[in-house]
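Visitor: Quick one: this structure, given as structure tokens, is what I'll be asking you about.
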Amino acid sequence: MGQAQAPAAPPVLQAGAHWRCVDLLSDLHLHSDDLDTFAAWRGHLQTTTADAVFLLGDVFEAWVGDDAIDTPGFSADCAQVLREASARRPLFFLHGNRDFLVGDVLARACGFTLMADPTVLALGTQRWLLTHGDALCLSDTDYLAFRAQVRSPEWQSDFLRRPLPEREALARQMREASAMHHDAAGYASDVDAAMARQWLDTADTAIMIHGHTHRPAQHDLGEGRRRIVLSDWDARATPARLQVLRLTASGEAQRLDLPA
Ligand SMILES: [Mn+2]
């Protein structure tokens, strides 16, 4: 179970003194076959009135290396959106299980800050524990073993040495294997409540915010502790799912449904 432990004390990100609200988004699963969701994402980053934007993982359906932006294409288009967004306001990114290879090269090229998972956001009087959520899904032991493997520096340097087309093919294979595993398991795993409480207590926070499970909700974890789950995005669903969680400096969390 060692791989699922939270760090003893997660890093704390102190919000800017003037920040009145921030936007949290995750699980957009952007890919080149769904330009509607891409356009909605770009439009929100261009028009939001938030003082900072936090991307909490699985922004991309796949990310096979930062060098993908060196050639014209969808990854380069996404990088351009990130670059323009971070020119307007601070932009933060935390890895999901699909885009864990987003690296320092992309962060520097686009001007955003990579955050550790989890990170405490201190905004106004409230502390929020931000995480993607995959590391808390303890019942999915096959996935946690896979996660430990692909998060190791050895696996990543070996993978990133391969030619780009080979990496793209491997990523496709991994996604297909993951889909088959979930079909076979017959369920999608969820966040373990006891581990979520442990993470909160270790971080000295009462509220956790995560994505990954695609089951937007608010869960009571007892003793004033809560777990808020972000929605995934799909502009082509009916109704469209284009939801942002907005946190205010006064400690409120509001769900904003963007027009399709
Ligand atoms: Mn995920």
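Visitor: Tally the DSSP beta bridges in the chain and give the antiparallel ones as a percent, rounded to 5.
Guide: So the antiparallel bridges amount to about 50 percent of the total.
Visitor: Taking the Cβ of D23 as the center, what net charge do the other residues with Cβ under 15 Å away carry, scoring Lys and Arg +1 and Asp and Glu -1?
Guide: Summing Lys/Arg as +1 and Asp/Glu as -1 gives +2.
Visitor: While we're on this one: Under unit Cβ charges (Lys, Arg +1; Asp, Glu -1), what dipole magnitude, rounded to 20 debye, does segment 142-260 have relative to its Cα centre?
Guide: Magnitude of the dipole: close to 280 debye.
Visitor: Quick check: the distance between the Cα centres of segment 126-185 and segment 19-47, to the nearest angstrom?
Guide: Result: 22 Å between the Cα centres.
Visitor: Over all distinct Cα pairs, what is the inverse of the mean 1/r for segment 11-257, reported as the Kirkwood hydrodynamic radius in Å?
Guide: 18.5 Å
Visitor: Can I ask one more? Using all alpha carbons of segment 162-253, what is the percent of pairwise distances in each 10 Å bin, ordered from the shortest bin to the longest?
Guide: 13, 29, 32, 20, 5, 0
Visitor: To continue, here is another question. Mean 1/r over all different Cα pairs, inverted: what Kirkwood radius does segment 73-135 give, in Å?
Guide: The answer is 12.8 Å.
Visitor: Sticking with this one: Find which of A107, Q149, A85 sits farthest along the positive direction of the dipole of segment 11-257, computed with +1 on the beta-carbon of Lys and Arg, -1 on that of Asp and Glu, about the Cα centre.
Guide: With unit charges placed on the Cβ atoms, the residue in question is A85.
Visitor: Right, something else. Order of 34-47, 58-71 by packing, highest average Cβ count within 10 Å first?
Guide: By packing density, highest mean first, the sequence is 58-71, 34-47.
Visitor: Can you list the HN-Hα couplings for segment 145-158, worked out from phi with the Karplus curve (6.51, -1.76, 1.60; θ = phi - 60°), rounded to whole Hz and with x for Gly and Pro?
Guide: The phi angles translate into 5, 4, 4, 4, 5, 6, 8, 7, x, 5, 4, 5, 5, 5 Hz.
Quick note: the coordinates plus some simple rules give every number you see, no bench work behind them. Predicted, not measured: the structure shown is a model, and the values here were computed from it. Methodologically, a virtual Cβ is constructed for each residue, glycine included, from the backbone with ideal geometry; neighbour enumeration extends over all protein chains shown.
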